1. Which one is farthest from the chain's Cα centre (by Cα), of the residues in segment A:11-47 that are under 24 Å from residue A:125 (Cα atoms) and in a loop (DSSP other than H, G, I, E, B)?
2. What single numbered condition from (1) over 18 Å from residue A:135 (Cα atoms); (2) more than 8 Å from every other protein chain (Cβ to nearest Cβ) fails to hold for residue B:127?
3. Evaluate segment A:101-112: report whether one residue or more is assigned to a strand (DSSP E or B), in contact with a strand residue (DSSP E or B) (Cβ under 8 Å, 6 or more places away or on another chain) and free of Cβ contacts under 8 Å to residues at least 60 places away in the same chain.
4. Can you tell me which residue among A:82, A:78 is surrounded by 20 or more Cβ atoms within 10 Å (Cβ to Cβ), within 8 Å of chain B (Cβ to nearest Cβ) and without any contact (Cβ under 8 Å) to a residue 60 or more places away in the chain?
5. Hey, does segment A:158-176 have a residue that's modelled with pLDDT of 90 or more, over 19 Å from residue A:53 (Cα atoms), out of contact with any helix residue (DSSP H, G or I) (no Cβ under 6 Å at 6 or more places or on another chain) and exposed (fewer than 12 other Cβ atoms within 10 Å of the Cβ)?
6. Pull up segment B:113-130, narrow it to residues that are within 20 Å of the chain's Cα centre (by Cα) and in contact (Cβ under 8 Å) with a residue 40 or more places away in the chain, then point me to the one that is surrounded by the fewest Cβ atoms within 10 Å (Cβ to Cβ).
7. Can you give me the number of residues within segment B:1-10 that are in a loop (DSSP other than H, G, I, E, B) and farther than 20 Å from residue B:107 by Cβ?
8. Tell me, which residue of segment A:142-173 that is in contact (Cβ under 8 Å) with a residue 12 or more places away in the chain and at the interface with chain B (Cβ under 10 Å from one of its Cβ atoms) is nearest to residue B:45 (Cα to Cα)?
């Protein structure tokens, strides 16, 4: 839990009381490679803070094809944001791609903490705003970038985890076919 | 300005003081078709609430191609969310696609109001969360839907404005070519 406290304290010094209340609602978990943290159709509303390792959220189509929405590495949050703030059951799965250490929070408990500590809510607000900027950037990338540019941006962000993440997941995250991904990799290797 | 107050009051009853402070920082504008509210490379940080009409935000690539990130109709907010919360200049343009009535806010002023009235900040937080859900849904749509499904989802959301929005803008919003859009429309007309 120290890792999260340290991370939050980059933006906001926490009182002992705040730290205690945060620890009280958190659950540290060690995940094996392939372990599922959230299943689709679950009624659970959780947010996951990644301490180490790599997780991904994905959507499985009716035909069984997996579409990767997000990867998350150290100091990132991951959740099924489409249903997190609603009453609907989850539509995404979250799985661990490596041995990972995470901190789990129930959304309901986090919400209470934000109401109790408005300064913490402010930090969360900045987090939400940053997420919006990142998501818009991702949409713009999907609309405007070539397969090669998408892959290069992916490398910039997730460099260390390229070896951990299977090719078909990278391709599905970029919205390109695995064949395009191979082609782009060859192009980059030759350039 | 009454329209925004009415809209906010669906979530939160506003005191006379809150209303007065909101009005003080707002600027009602009537826009002509084609009028630009925010230009690219602007240092302005504004959020636009749409009272009536239709606006869009778009990014112009180096080659001059326009990529539509968002349309906004009655009761929606629109802004360049990629740069709004940062120090960077805007990278998007926002233009009016019809005769529109909007309410403009400087982000700095809104921020002050949220600090002054924590209950209003709560309403904004829910707004941010809904935006995150909508953006994730859009990404999932871009990754998983066929051209036909994308267009049908667009019709569900923006039905009344289909006539106002030029074809190339709809296509660029959906991430498909104008030719695909024509094909899909014919398919739907024939089915």
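1. Step by step, filter segment A:11-47, then rank; the result is A:15.
2. (1)
3. Taking segment A:101-112 as the starting set, the residues that turn out to be assigned to a strand (DSSP E or B) are A:101-106.
Right, trim to in contact with a strand residue (DSSP E or B) (Cβ under 8 Å, 6 or more places away or on another chain) and you get A:101-106.
Filter again for free of Cβ contacts under 8 Å to residues at least 60 places away in the same chain, leaving none.
Among the residues of segment A:101-112, not one is assigned to a strand (DSSP E or B), in contact with a strand residue (DSSP E or B) (Cβ under 8 Å, 6 or more places away or on another chain) and free of Cβ contacts under 8 Å to residues at least 60 places away in the same chain, which makes the answer no.
4. Working: A:78 fails: within 8 Å of chain B (Cβ to nearest Cβ).
Unique residue meeting the criteria: A:82.
5. Looking through segment A:158-176, none of the residues is modelled with pLDDT of 90 or more, over 19 Å from residue A:53 (Cα atoms), out of contact with any helix residue (DSSP H, G or I) (no Cβ under 6 Å at 6 or more places or on another chain) and exposed (fewer than 12 other Cβ atoms within 10 Å of the Cβ).
6. B:126
7. Quick first cut of segment B:1-10, residues in a loop (DSSP other than H, G, I, E, B) only: B:1, B:9-10.
Imposing the further condition that a residue be farther than 20 Å from residue B:107 by Cβ reduces the set to B:9-10.
Final tally of qualifying residues: 2.
8. Of everything passing the filter in segment A:142-173, A:142 is nearest to residue B:45 (Cα to Cα).
The values are calculated or read from the model by the stated rules, or taken from the named source; none is laboratory data. All figures in this text were calculated on a predicted structure; none of them were measured in a lab. Ideal geometry is used to build each Cβ from the backbone, glycine not excepted, and the neighbour counts take in all protein chains shown.
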